[in-house]
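Reading through the C-alpha cells given below for one structure.
The values are calculated or read from the model by the stated rules, or taken from the named source; none is laboratory data. Please read all numbers here as calculations on a predicted model, not as lab measurements. Reconstructed Cβ throughout: ideal geometry from the backbone, glycine too, with neighbour counts over all protein chains shown. Ligands, DNA and RNA are excluded from the accessible area calculation, which covers all protein heavy atoms including side chains. Shrake-Rupley method; radii C 1.70, N 1.55, O 1.52, S 1.80 Å.
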Amino acid sequence: MQISKKMQEAFDEQINWEMWSANLYLQMAFWFRKEGWKGFAHWMYKQSAEETGHAMDMAEFVLNRGGHPNVGAIKAVPTEWSDPKAVFEATYKHEQQVTELINKLADVADAEKDRASINFIDRYIDEQVQEEQTALDILNLFLHRDDHAVALIDDKLATRE
Ligand code: FEO
C-alpha cells in the first residue's frame, strides 16, 4: 500500500526534527571541543551520526512505500551552554521532546490505519525509552561530583563505539 499524503507529511516533519537533533548534537560536540572536553565531544559526534541515521532510516521507509521524503528547512540550534552538565540536561530534555514527537507520529499512523507505519514507528518508541534512559544515566553521573569526577566521566564517554 502506497503511503498516504498525511502519513508522508508526518514523516517529513519527523525527518526534519531528526536532522535538527543531528545538528543540535553536532553543535554540542563543537562546544565541547572548544571547551577542551574531547570525550564528551566524541560522544556527541556519535550521537549526531545516530540522529542522521534515524532521518535516513525514516526517509528510506517513505521511499520504500512509494513516497517522496522532504527534509525541509532546518531551524538553527543553540550554540552555548554554561557547563557539561547543562549540555546533558538539554540532551535529556530534548530526548523527552522527541519521545512526544514520535508518539504523535504513531497517532497519525493509527488514525491512517497504516499497519506498516505503525510497525515501523514501534521501533522508535522502544528507541526513545533507551535514548531517555541513556541521557538520564549520564546526567546522574554528574550529581554530587566535583570537577575531577567530571573529567572521569569525560574519559568514560570517550570509549563509545
Ligand atoms: Fe532520533 Fe535521539 O532520537
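Residues that are within 13 Å of the ligand (Cβ to nearest atom) and in contact with an Asp or Glu (Cβ under 7 Å, 6 or more places away or on another chain): which helices (runs of 4 or more DSSP H) entirely in the range 71-161 hold 2 or more of them?
It comes to 84-111, 115-142.
Could you identify the single residue in G66, G39 that is at pLDDT 95 or above and open to solvent by less than 10 Å² (accessible area, probe 1.4 Å)?
Exactly one of G66, G39 is at pLDDT 95 or above and open to solvent by less than 10 Å² (accessible area, probe 1.4 Å), namely G39.
Every residue, every condition in (1) surrounded by fewer than 17 Cβ atoms within 10 Å (Cβ to Cβ); (2) within 12 Å of the chain's Cα centre (by Cα), yes or no:
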| site | (1), (2) |
| --- | --- |
| Q96 | yes, yes |
| K104 | yes, no |
| D110 | yes, no |
| K113 | yes, no |
| A116 | yes, no |
| I121 | no, no |
| I125 | yes, no |
| Q133 | yes, no |
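Output the residues belonging to the range 55-70 that are farther than 14 Å from L26 by Cβ and part of a helix (DSSP H, G or I).
Result: M56, D57, M58, A59, E60, F61, V62, L63, N64.
Based on this model, can you work out whether S48 counts as without any contact (Cβ under 8 Å) to a residue 40 or more places away in the chain and crowded, with 18+ Cβ neighbours inside 10 Å?
So S48 passes the test.
Kindly indicate whether A55 is open to solvent by 20 Å² or more (accessible area, probe 1.4 Å) and more than 19 Å from L136 (Cα to Cα).
It is false that A55 is open to solvent by 20 Å² or more (accessible area, probe 1.4 Å) and more than 19 Å from L136 (Cα to Cα).
Looking at (1) surrounded by 20 or more Cβ atoms within 10 Å (Cβ to Cβ); (2) of a type in the set (S, T, N, Q); (3) more than 15 Å from the chain's Cα centre (by Cα), which is the only condition T159 fails?
(1)
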